[in-house]
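The block underneath contains the structure these notes are about, expressed in structure tokens.
Laboratory data are not the source of any read-out in this text; all were calculated from the coordinates shown. Model, not experiment: these values are computed from the prediction. Cβ coordinates were reconstructed from backbone atoms using ideal geometry, including for glycine residues, and neighbour counts include every protein chain displayed.
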Amino acid sequence: MNRSLKTLFASGHILKLLIPVVFICLAATAAAQEGAEAAQVDSGDTAWILTSSLLVLMMSIPGLFLFYGGMVRSKNALGTMMHTFFIVALITIQWVVIGYTLSFGSDIASFVGGFDWFGLKGVGPEPNADLAGTIPHYAFMTFQMTFAIITVALITGAFAERAKFSTFIIFVLLWSTLIYDPICHWVWGGGWLGGMGALDFAGGTVVHINSGAAALAAAMLYGRRKGYGQQIMTPHNLPFSLIGASLLWVGWFGFNAGSALASDGLAATAFVTTQVATAAAVLSWTFTEWIVKGKPTILGAATGAIAGLVCITPAAGFVDPLSAIAIGVGGGIFCFFALSLKAKFGFDDSLDVVAVHGVGGTWGALATGLFASVGGGTGLFFGNPGQLWIQFIAVAATWVYSFGGTLIILVVLKAIMGLRVSSEDEELGLDLSQHNEKGYSF
């Protein structure tokens, strides 16, 4: 070692030079580790979202197709079930190719997503910090896919027992692409409703008002079933419907609690409020029916459960359990009396989609503006009257766009392809006329 180095070490100057270098290296290493940790997938959150995706898929198959299939006449059971089953396959492909990017791609004029994720380009097993930073992008995409599936499946209850299957396929593709995907983007994908502060935890506007408004348009354009009002059209298999409603109730925990996008306290809040509101709606519907009609029915109790689930969906992560009870009680009563609207106005909504999802979703979205108090939302009753006005705008915009857009789609399809089966085929039943098979052989 030469004399200058010996002098440097002896004087301690070398330590003064090395210490900052060491700290810089340590800081860089820590920052790199922090960045790596931020990009890592959380196994608990991922397990919950994958489980929730399965629960929501179960809501469609077999939940919804059993619920709907049991409520129609036996000659239309398979045709009704086929609608939901086929939608699962059709919307899966539509979502992968274009639906996901239109819903969650880079914002275009606050109206729809861009084409940056067309065909899932750029979507993979790594997290996307802007959407859900602790779960794989694939997991988020799949979870949202199950929402897109069930939303359009709900509409089929409005035109059950008379829809032409070939036209139905085209309608599902057009409606999902032109109606569902933009509204999803408005609320959850960076569009204008989310930007103005509209609260929709799990789909009050995106799923329920959207499907309810479309169902009203469909019931009007398809017209009444043959013999409606003159023939008795009672459900052919109420045990099917009760099993379906039960599967919907259980699956809805994935729908609502899964929308927390993490296995955390917010998910637990949504879990509790979902159960409480549903129970309250079953009770309020059952007792209202008992008072008005003289006897409580199992179909009424099941429908009340669905009403409660619908009503709490937009509020699940924003309200406490007592508020959830109030929302559920209101939902059961409002949706029960809304059933009389189709008789009053003369439209044939076969399976009461408008009364349960349209009216229930509207009440739930507005009630969120009243009762929100946790999870980053504050409503009228907790000091923020402006939130109720924002909720009203979201409700009105969804009703107008979905109802008007669905009318246009159906008018065009009616002119080109026809919406309904022939009178003879309707009399024969959709199972034989559309699918050449029977649900039951005696």
Tail weight of P(r) past 28 Å, computed on alpha-carbon pairs of the stretch 29-177, percent: 31
If each K or R counts +1 and each D or E counts -1, the residues other than Ser74 whose Cβ falls under 12 Å of its Cβ total +1
When Leu57, Leu193, Leu154 are ordered from fewest to most other Cβ atoms inside 10 Å of their Cβ, what list results? Leu57, Leu193, Leu154
In vacuo Debye scattering of the stretch 328-397, one point per C-alpha: log10 I(q)/I(0) at q = 0.12, 0.15, 0.19, 0.27 Å⁻¹? -0.38, -0.55, -0.77, -1.10
How high is the relative contact order of the stretch 151-214, in percent, counting Cα pairs under 8 Å that sit 6 or more residues apart? 45
Which listed residue (Ile135, Gly328, Ile155) has the Cα farthest towards the positive end of the charge dipole for the chain, taking +1 on Lys and Arg C-beta and -1 on Asp and Glu C-beta about the Cα centre? Ile155
Could you sort out which of Lys414/Lys438; Lys75/Lys342; Lys226/Lys293; Lys75/Lys414; Lys75/Lys164; Lys75/Lys293 sit more than 22 Å apart by Cα distance in this structure? Lys414/Lys438; Lys75/Lys342; Lys226/Lys293; Lys75/Lys414; Lys75/Lys293
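Ranking Trp290, Trp249 by Cβ neighbours within 10 Å, fewest first, what do you get?
Details: Trp290 13, Trp249 21.
Arranged by neighbour count, lowest to highest, Trp290, Trp249 become Trp290, Trp249.
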As an exercise, use a Förster radius of 60 Å and the Cβ-Cβ distance of Phe442 and Ala47 to find the FRET efficiency, rounded to the nearest 0.05. 0.85
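Can you tell me the FRET efficiency between Val411 and Phe115 if r is taken as the Cβ-Cβ distance and R0 is 30 Å, rounded to the nearest 0.05?
That pair, Val411 with Phe115, gives E of 0.60.
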Cα-based helix-to-principal-axis angle, 321-338 vs the chain, degrees rounded to 10: 30
Average the reciprocal distances over every distinct pair of alpha-carbons in the stretch 98-222, invert the result, and give the Kirkwood radius in Å. 15.2
About its Cα centre, how strong a charge dipole does the chain have in debye, to the nearest 20, once Lys and Arg get +1 and Asp and Glu get -1 at the Cβ? 300
Compute the angle between helix 298-312 and the longest alpha-carbon principal axis of the chain, please, reported from 0 to 90 degrees and rounded to the nearest 10. 30
Normalise the Cα radius of gyration of the stretch 42-434 by 2.2 N^0.38 Å (N = residues in it) and let me know the number. 0.92
Label-point separation in nm, Asp264 to Ile93, each point 7 Å along Cα→Cβ: 3.8
Relative contact order (percent, whole number), the chain, Cα cutoff 8 Å, 6+ residue spacing: 21
Can you show me the helix-derived [θ] at 222 nm for the chain, built from DSSP H runs with n ≥ 4 at -39,500 (n - 2.57) apiece and divided by the number of residues, rounded to the nearest 500. -20500 deg cm²/dmol
